[in-house]
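No value in this document is a laboratory result; all are computed from the given coordinates. These figures come from a predicted structure and were not determined experimentally. Every residue, glycine among them, receives a Cβ derived from its backbone with ideal geometry; neighbour counts consider all protein chains shown.
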Amino acid sequence: MSHLSCESCDDITDAIPTALGEHCPDLEQFCFRWCANITDIGVEELVFGCAKLRRVDFFECRELGDDAVTQLPANCPDLEYACFDYCPDVSDDAGKYLLDGCPKIREANPRGLFFKTD
């Protein structure tokens with residue numbers, strides 16, 4: 001499996017991204033938009049096991065913070081797109097760290113701000 005969308009699945013907890021990290025090393029894209037119960041712990045487990053990620057979308061996952069964002073550069077070198085739009089606990093510093101640490105990133109929405117690199 002290379003793509004997965006779990007948009008608006010309120011019942012999803014950290015168990016799903018953890019299982020994906022353990023069993024889906026070829027995952028390239030996923031969407032967890034409006035999944036209110038995912039935390040930094042689930043994202044960390046996901047990115048540790050899915051180094052091929054190119055696109056991640058956590059739009060309005062309100063339990064996420066800086067730890068989720070700062071794990072991406074070290075673990076997902078091919079990341080091209082990241083959305084943490086309306087994740088209130090993601091700081092501007094974490095967004096900058098993401099952009100500085102992911103040389104292939106072309107679009108990022110950290111904290112409701114849109115960044116696009118040339």
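Normalised by the number of residues in the stretch 29-113, the mean separation of alpha-carbon contacts (under 8 Å, six or more apart) gives a relative contact order of 29 percent. For the stretch 29-50 versus the stretch 52-108, the spacing of their alpha-carbon centroids is 11 Å. Using the Cβ-Cβ distance between residue 36 and residue 91 with R0 set to 25 Å, the FRET efficiency from 1/(1 + (r/R0)^6) comes to roughly 0.80. Taking label positions 7 Å along the Cα-Cβ direction at both residue 67 and residue 7, the computed distance is 2.9 nm, reported to one decimal.
Summarising the strand pairing of the chain, around 10 percent of its internal DSSP beta bridges are antiparallel. Just checking my list (i) 25.9; (ii) 14.9; (iii) 13.5 against Kirkwood radius over Cα pairs in Å computed from this structure; which label fits? From the options (i) 25.9; (ii) 14.9; (iii) 13.5, the structure gives (iii).
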